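Report on the following structure.
The values are calculated or read from the model by the stated rules, or taken from the named source; none is laboratory data. Just so it is clear, the model here is predicted, and its values are computed rather than measured. Don't worry about glycine lacking a Cβ; one is built from the backbone with ideal geometry, like all the others, and counts go over all protein chains shown.
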Amino acid sequence: MKVLLRNYIESNQKMIQEELTKHFHQIDIPERLKKSMLYSLEAGGKRLRPILLLASYEAYASQIEKTLHTAIALEMIHTYSLIHDDLPAMDDDDYRRGLLTNHKAFDEATAILAGDALLTYSFELITNDQHLTDKEKLYMIQLLTRASGPTGMVAGQILDMEAENKAVNLEQLEKIHLLKTGELLKFAVTAGAFLGNATDDQIKHLQKFAHYLGLIFQVQDDILDVTGDQEKLGKAVGSDETNNKSTYPKLLGLDGAIEMRNRYTDQAKDLLKQANADTSRLAELTDYFSQRDH
Ligand code: GRG
């Protein structure tokens with residue numbers, strides 16, 4: 001990774017962490033619930049979604065305080081989704097990011113409640129953001145609900161469950177990924193641009209970019225399952241999470257998946273070039289999504 005991008009990612013990771021910690025000091029939550037929420041929030045996530053939101057905002061404006069509540073609300077929703085995804089009723093995983101999953105470190109009921117609490121608290125965070133107008137708050141909540149709920153991530157999750165052990169073609173696979181992981185990435189890009197006062201046309205244009213970014217993220221995730229350093233990925237030795245699932249390498253072969261990732265990366269970066277804004281950071285992040293090793 002280029003040094004400047006690494007500095008950008010690391011300094012924003014630090015800022016996001018500080019913002020998260022600050023909020024947890026301010027709210028009165030039963031101790032066990034707080035510990036369980038913080039356990040997963042501080043378990044070493046890359047913070048890609050809030051960083052993407054900041055980079056999208058910075059293509060249009062510079063007063064980043066305006067994005068912070070929305071950015072950490074998004075990270076909370078992502079974290080809730082991982083906690084619930086790991087539960088015995090879903091993927092039944094014992095490890096995530098090299099640590100015990102939430103229900104293994106605590107217990108199943110606590111993990112369910114920690115996920116619920118992160119989901120609901122994320123909306124409260126947006127409502128109490130003093131940097132946003134009421135209209136902006138309402139729009140952020142509407143966008144985030146659409147991206148994370150039954151028309152977005154949760155829809156993707158159930159389609160993914162239903163596709164297990166079934167033959168799935170490329171079109172179906174991409175639909176699942178665009179809902180399950182792509183919608184939150186699209187939210188990050190859209191929210192950042194909207195809060196930065198981008199025009200409707202500029203936002204629509206960036207949403208086309210976000211479509212490719214979601215696909216790049218997932219193709220690379222599948223490629224890493226085949227080629228990645230499993231320890232670096234935080235996976236338990238001998239685990240194979242893709243056993244009963246369709247993946248890009250299974251459908252296209254490893255070389256075909258790499259070719260597709262590279263093609264999507266070119267398409268995403270071409271769209272950024274035509275975006276009529278300073279999208280250099282977004283272009284660097286696109287390369288990072290495409291080349292990441294964990
Ligand atoms: C339970 C409603 C519900 C939804 C779960 C996103 C999701 C939906 C499940 C995650 C399953 C999974 C491992 C998908 C692969 C892509 C993905 C989201 C990876 C994790 O995202 P990163 O790499 O995670 O941004 P970190 O650990 O860096 O935060």
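To keep it simple, each residue is scored yes or no on (1) closer than 19 Å to Leu132 by Cβ; (2) loosely packed, with under 14 Cβ neighbours inside 10 Å; (3) among the polar types (S, T, N, Q); (4) in contact with a helix residue (DSSP H, G or I) (Cβ under 7 Å, 6 or more places away or on another chain).
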| site | (1), (2), (3), (4) |
| --- | --- |
| Leu4 | no, yes, no, no |
| Lys14 | no, yes, no, no |
| Phe24 | no, no, no, yes |
| Arg32 | no, yes, no, yes |
Q.
Would you confirm whether or not region 122-138 contains a residue that is free of Cβ contacts under 8 Å to residues at least 60 places away in the same chain, hydroxyl-bearing (Ser, Thr, Tyr) and in a helix (DSSP H, G or I)?
A. yes
Q.
Which of the numbered conditions does Glu10 fail, given that it passes all the others? Conditions: (1) more than 16 Å from the ligand (Cβ to nearest atom); (2) among the acidic types (Asp, Glu); (3) surrounded by fewer than 16 Cβ atoms within 10 Å (Cβ to Cβ).
A. (1)
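Go through region 266-290 and report how many residues are outside any loop (DSSP other than H, G, I, E, B), farther than 20 Å from Glu171 by Cβ and touching a residue at least 12 places away in the same chain (Cβ under 8 Å). Don't jump to the end; show me each part of the working.
At the first step, the residues of region 266-290 found to be outside any loop (DSSP other than H, G, I, E, B) are 266-273, 280-290.
Okay, now just the ones that are also farther than 20 Å from Glu171 by Cβ, so 266, 269-273, 280-290.
From the residues that got through so far, the ones that are touching a residue at least 12 places away in the same chain (Cβ under 8 Å) too are 269, 271-272, 281-290.
The total comes to 13.
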Q: Identify the single condition in (1) assigned to a helix (DSSP H, G or I); (2) surrounded by fewer than 20 Cβ atoms within 10 Å (Cβ to Cβ); (3) within 16 Å of the ligand (Cβ to nearest atom) that Lys204 does not satisfy, given that it satisfies every other one.
A: (3)
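What about Arg49, is it under 18 Å from Gly234 (Cβ atoms) and either under 13 Å from the mean Cα position of the chain (by Cα) or not hydrophobic (A, V, I, L, M, F, W, C) (or both)? I'd like the intermediate steps shown before the answer.
Numbers: under 18 Å from Gly234 (Cβ atoms): yes; either under 13 Å from the mean Cα position of the chain (by Cα) or not hydrophobic (A, V, I, L, M, F, W, C) (or both): yes.
It is true that Arg49 is under 18 Å from Gly234 (Cβ atoms) and either under 13 Å from the mean Cα position of the chain (by Cα) or not hydrophobic (A, V, I, L, M, F, W, C) (or both).
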(Q) Just the residues that are closer than 13 Å to Ala191 by Cα, within 16 Å of the ligand (Cβ to nearest atom) and surrounded by fewer than 19 Cβ atoms within 10 Å (Cβ to Cβ), please, taken from region 132-150. (A) Thr145, Arg146
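Could you list, in sequence order, all residues of region 97-108 that are touching a residue at least 40 places away in the same chain (Cβ under 8 Å), surrounded by fewer than 24 Cβ atoms within 10 Å (Cβ to Cβ) and either hydroxyl-bearing (Ser, Thr, Tyr) or outside any loop (DSSP other than H, G, I, E, B) (or both)? Working first, answer last.
Taking region 97-108 as the starting set, the residues that turn out to be touching a residue at least 40 places away in the same chain (Cβ under 8 Å) are 97-99, 102, 105-106.
Subset that is surrounded by fewer than 24 Cβ atoms within 10 Å (Cβ to Cβ): 97-99, 105-106.
Once the filter is applied, which keeps residues that are touching a residue at least 40 places away in the same chain (Cβ under 8 Å), surrounded by fewer than 24 Cβ atoms within 10 Å (Cβ to Cβ) and either hydroxyl-bearing (Ser, Thr, Tyr) or outside any loop (DSSP other than H, G, I, E, B) (or both), region 97-108 yields Leu99, Ala105.
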**Q.** Hey, Lys235 touching a strand residue (DSSP E or B) at 6+ places or on another chain (Cβ under 9 Å) and either within 15 Å of the ligand (Cβ to nearest atom) or modelled with pLDDT of 95 or more (or both) or not
**A.** yes
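Yes/no matrix, rows are residues, columns are (1) over 30 Å from Ser56 (Cα atoms); (2) at pLDDT 95 or above; (3) not small (Gly, Ala, Ser):
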position: Tyr248; (1), (2), (3): no, yes, yes
position: Leu254; (1), (2), (3): yes, yes, yes
position: Ala257; (1), (2), (3): no, yes, no
position: Tyr264; (1), (2), (3): no, yes, yes
position: Ala268; (1), (2), (3): no, yes, no
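What tally of residues in region 180-201 results from selecting those that are part of a loop (DSSP other than H, G, I, E, B) and in contact (Cβ under 8 Å) with a residue 12 or more places away in the chain? So that I can check it myself, show each step before the final result.
Of all residues in region 180-201, those part of a loop (DSSP other than H, G, I, E, B) come to 196-199.
In the following step, the residues that additionally are in contact (Cβ under 8 Å) with a residue 12 or more places away in the chain were identified as 196-198.
The total comes to 3.
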Q) Can you find even one residue in region 106-117 that is away from the ligand (no atom under 16 Å from the Cβ), among the charged types (D, E, K, R) and more than 30 Å from Thr199 (Cβ to Cβ)? A) yes
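Residues checked against (1) part of a loop (DSSP other than H, G, I, E, B); (2) within 12 Å of the ligand (Cβ to nearest atom):
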residue: Pro50; (1), (2): no, yes
residue: Ser56; (1), (2): no, no
residue: Tyr60; (1), (2): yes, no
residue: Leu68; (1), (2): no, no
residue: Ile72; (1), (2): no, no
residue: Glu75; (1), (2): no, yes
residue: Tyr80; (1), (2): no, yes
residue: Asp85; (1), (2): no, yes
residue: Asp91; (1), (2): yes, yes
